[in-house]
Structures are given as structure tokens and as C-alpha cells.
1. Collect the residues in region 352-375 that are surrounded by 19 or more Cβ atoms within 10 Å (Cβ to Cβ), touching a residue at least 60 places away in the same chain (Cβ under 8 Å) and in contact with a strand residue (DSSP E or B) (Cβ under 6 Å, 6 or more places away or on another chain), keeping them in residue-number order.
2. Does Leu70 satisfy the criteria of being within 16 Å of the ligand (Cβ to nearest atom), touching a residue at least 40 places away in the same chain (Cβ under 8 Å) and under 26 Å from the mean Cα position of the chain (by Cα)?
3. Restricting attention to region 274-299, which residues are within 11 Å of the ligand (Cβ to nearest atom) and closer than 17 Å to Cys455 by Cα?
4. It is to be established whether one or more residues within region 21-32 are among the hydroxyl-bearing types (Ser, Thr, Tyr) and either within 15 Å of the ligand (Cβ to nearest atom) or under 18 Å from the mean Cα position of the chain (by Cα) (or both).
5. Looking at this structure, is Leu323 part of a loop (DSSP other than H, G, I, E, B), within 16 Å of the ligand (Cβ to nearest atom) and buried (at least 16 other Cβ atoms within 10 Å of the Cβ)?
6. Any residue at all in region 391-402 that's within 13 Å of the ligand (Cβ to nearest atom) and either assigned to a helix (DSSP H, G or I) or modelled with pLDDT of 85 or more (or both)?
7. Within region 414-435, is even one residue in a strand (DSSP E or B) and either under 15 Å from the mean Cα position of the chain (by Cα) or away from the ligand (no atom under 16 Å from the Cβ) (or both)?
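The values are calculated or read from the model by the stated rules, or taken from the named source; none is laboratory data. From a predicted model like this one, the values you see are computed outputs, not experimental measurements. Cβ coordinates were reconstructed from backbone atoms using ideal geometry, including for glycine residues, and neighbour counts include every protein chain displayed.
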Amino acid sequence: MKTFVDAVVVGGGVSGLIAARELASAGLSVELIEASDKCGGSIQGHTLGGIKIDIGAEAYSILRPEVSQLVTELGLSKNIVTPLTQGAHLILGEHGEQTLPIPKNSLLGIPSDLMAPDVLRIIGRKVATQAQARDKLPVGKLPATLGELVQERMGTDLLERLVDPIVAGVHAISAIRVEVDAVAPRLRELTAKLGSLSAAIGTISGNRGPSGNAIQGLRGGMGTLIEALVSDLRAKGVSITMSTSVDQVLATPSGWTVSTKEFELPTRNVVLAIPTWTSSRALEGDPALSNALSLLQSSAVRVTALMVDDERFNSAPLGSGALVSSQVSGIKAKALTHVNAKWEWISQLLPPNRHIFRLSYGRNGLLTRDQDKHTIIDDALHDLAAIYHLPVASIKLVDSATCYWENSMTQALVGSRDLLDQLDKLLETRRGLGLLGPGISGNGLAGVIFNAKVCAKSLVESGNA
Ligand SMILES: Cc1cc2nc3c(=O)[nH]c(=O)nc-3n(C[C@H](O)[C@H](O)[C@H](O)COP(=O)(O)OP(=O)(O)OC[C@H]3O[C@@H](n4cnc5c(N)ncnc54)[C@H](O)[C@@H]3O)c2cc1C
């Protein structure tokens, strides 16, 4: 029998765990409800051939302070690891025949130096010279989509050859559908201020070299962050209910009622830290809010991990991995990570000639949950072979694992900024309600943590406890 609490947090991914931590730290009694039997959401560990790896999120950006701060607060600083600096590659060409390193100083494929040798190798000197000339033109009103911004400042050829494959790999949609402000909030402002897109990229990325230089991970995997957060919540007195799905959240005269199949829980504050699609259904009693939430899109992702024995991978031919251009036919994966080439702590756990790869799927929402497991593994093996130009039958599989996340990647589509503003307006009159999760908080752990803290702070400051 559950009794009244000051706040209910729905969803035990990072958003929900951070919101619960902040609310409990402010002195509220908190109940966290998670549908599955594990907290972590998109951060999940998986044991492959006896080794625990991250099958979901595996790293965090250090261009923002949020995750590093959390890691320190939770006493995990000693476990911080930096990826080995071999950069990742881009697979291009109709059949994936071209494999080139991703330019070192770039953000979402947009280079800060158009004449850098690694940029010239992909786009050629003619396209680079044209792009440089365009980027020197006076800056007018800048377009809202990333694709149009790149087209206007650097031209279509650069967009197609360099930016689109990387954006599609990271955000699972084409750059022409991505809203700039949703994925790089200061980019338009800095481009206008500095008079150049490449200069703006240099300022944001800090010209840190390979993208891997701006990320870190944790020895033992990002799952250790979730374990530490859950222990911290328990120490702060947060009650955690697992394997229980919240079906409905209804406003009442004194606050909210959160309903599951097993119980109803009255509270003054609710944070929904679940995909917008699920929040929309839970809030059907509030049609305006439910409708606005249903318009914020998120899509599914699948990661398949393969452990193989093969000395041909010992030299890490593609460094830490590769992003596959959507124009390549015959490869379904959008990205591949050579896990032990990227993370030394994993390579130290493996016997000689053993390798781990992660292949991610889910370009443009083309995924279904019910695919047959054998087909999924066969597809991944086929893609691994195609990416490294090896005969598939020659690869010796030791172990495999696969994980599917429904509605877990925010689609930063054009108009999403306006929709989020509309949602904020609606929330002004829904006292005690906070909204987080995929579809709202973006696709990076730093932004997700930032939003969860802001959400909890605003509930505490509204005095609704
Ligand atoms: C495969 C993958 C790899 C990624 N890699 C990286 C990376 O390397 N670096 C990075 O910065 N970001 C990465 N991201 C993004 C990042 O992991 C996510 O943005 C972040 O973890 C989202 O956290 P969240 O809590 O908002 O949502 P989620 O992690 O999706 O958590 C939502 C939780 O709510 C629960 N839930 C859903 N419905 C209900 C319900 N009705 N009742 C109760 N509980 C419910 C779910 O079970 C889940 O636990 C990755 C994402 C994915 C999917």
C-alpha cells in the first residue's frame, strides 16, 4: 500500500534518477517508478563473452560540465577513461568502397578549417575553395535547419559528402530535417557574430582534434554511473518501485494521482521522465498537453554487439569505428564502434585476437521491435564484413547480444523548438508537473542532466511541497 509522497518521478533513466536526486536533496519525499526491471534506460550494461560492456550510451561529452560534475559527486572520478585517440571513419560511395577519416576539427561534420588535409581528402580542393568563398560572404538571416545552414554557408557538395552522413549517423535523420537550435544551440548566434560558420565551429568545438578528444567514459562502463546514482537515491531515502509501468497521470484538486495496474499514488508533484509518446498517453485526461507531447518525435534504436576472434582487426583498420553514409547501399547499420580499439580498459580484458564491435541501427525510424534475433545477428555480421571488406564466412563469432530501445532518440525535427516553447507555456498552468525524457531533452547525457536539474529546481521553487 503506497501512501502520499511529495513527488513521484516516473522513469528510471538518467533524467528520472537526476530529477529524483535533486528533489530528495531539497527535502521532498520521493517515489521513483520504473517500468522495467533495471534502471538506466538508454544506459545499459551487457555481458558479452564474460565481459561487461555498455550496449547503450558509452561516453559523455566534456564540452559541457554536467556529467563530469556528477561523476565527481558520486566518487567515480578515479574510473574516468579517455578513448584511444585513433579517430573514427566515414564510409562513403554507393557500395561503401570509400573509407576516410572523419576530419579532426569538426562538429557534426562541419569543419572549422576547410583547407585541412583531412577535409580536402573527402570534399576535394575545388569544393573546399567554393565553400571558403561562400563562408566569407556577409551573414544575413540564417536558416533554421542544419542542412540549409550548411548549404548556404558552405554549399551543397560539402553538405552531401561530409555533414549529412555524420548527422544521419548521430541523429538518425538527414541534416535537412534537423533544427540547428535543437542540436547546436549557439551555432547560429556565433555564425552571425563571427561572420563565418567555420569560425563558429572552431569556437564551439575548441579545435580539440579528433571528436574522441572531447568525450570520456568510465572504466567498468557507464552502467556504473547508474548503479552509483541508484545507491545515492536509496541513501537519500527515495523509494524505488521497479517493474511497474505508469499508465495514467491525472490532475486532482490537491495535486496529481499517478496510476499503475497495481496502485494509485496521490502526490503534489510529478515528473514524467519517459518518452514523449508514453507521456502523451498517460496525460490523455489533459488533451491540450497530451496533443502537444504527441507532436514531439522520438525514434527507436537497436544496438547489436558482436565478439569475434580475428587477428585481422588487431591493427584497428578503422580506428575507433565508422559512420555509414545513408547513400551506401548494402549496409543497414548507421554506425559501428570497434569497442576495444576505442577503450583500452576493455582491450586489457580480452585475450589476443579477440575483438568487440557495436553496430547501431535505426536510420529514419525504419526499425521494428519484433525482428527475429538470428536475422539481427546475421545482419550485423554481414555489415561488419562489408564495412571491413572481408568475406562474411571468414569471421569467427564468439558471442553476440542485441538491445532495442523504443522511442529513445529525440528527433530534432524542424519546429521542435517551437513545440518545446508551447509545452513550457502549457506547463505554466499545470502546477507541480515536470516533463523530461526522450523527445524533450535531446540526445546527449550532459543536456539530459542539465534539463533534469532545471526541472526539479523549478518544482522546488514553485513551493509545491
Ligand atoms: C543506443 C544509445 C546510445 C547512446 N549513446 C550515447 C552516448 O554515448 N553519449 C551520450 O551522451 N548519449 C548517448 N545516448 C543518449 C542518452 O543515452 C539519452 O539521451 C539518455 O540516456 C536518455 O535518458 P532519459 O532518462 O531521458 O530516457 P531513457 O533512458 O529512455 O529512460 C526512460 C526510462 O523510463 C522508463 N519508462 C518508460 N515508460 C514508462 C512508464 N510508463 N512507467 C515507468 N517507467 C517508464 C523506461 O523503462 C526507461 O528506463 C544514447 C542513446 C541510445 C539509445
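1. Across region 352-375, the qualifying residues are Arg354, Ile356, Arg358, Tyr361, Gly362.
2. yes
3. Ile274, Pro275, Thr276, Ser279 - these are the residues of region 274-299 that are within 11 Å of the ligand (Cβ to nearest atom) and closer than 17 Å to Cys455 by Cα.
4. Within region 21-32, none of the residues are among the hydroxyl-bearing types (Ser, Thr, Tyr) and either within 15 Å of the ligand (Cβ to nearest atom) or under 18 Å from the mean Cα position of the chain (by Cα) (or both).
5. No; evaluated as a whole, the condition is false for this residue.
6. Looking for residues that are within 13 Å of the ligand (Cβ to nearest atom) and either assigned to a helix (DSSP H, G or I) or modelled with pLDDT of 85 or more (or both), one finds at least one in region 391-402, hence yes.
7. no
A quick yes/no check of all residues on (1) of a type in the set (A, V, I, L, M, F, W, C); (2) not in a loop (DSSP other than H, G, I, E, B):
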| site | (1), (2) |
| --- | --- |
| Ala300 | yes, yes |
| Thr304 | no, yes |
| Ser315 | no, no |
| Leu318 | yes, no |
| Val328 | yes, no |
| Ile331 | yes, no |
| Leu336 | yes, yes |
| Trp345 | yes, yes |
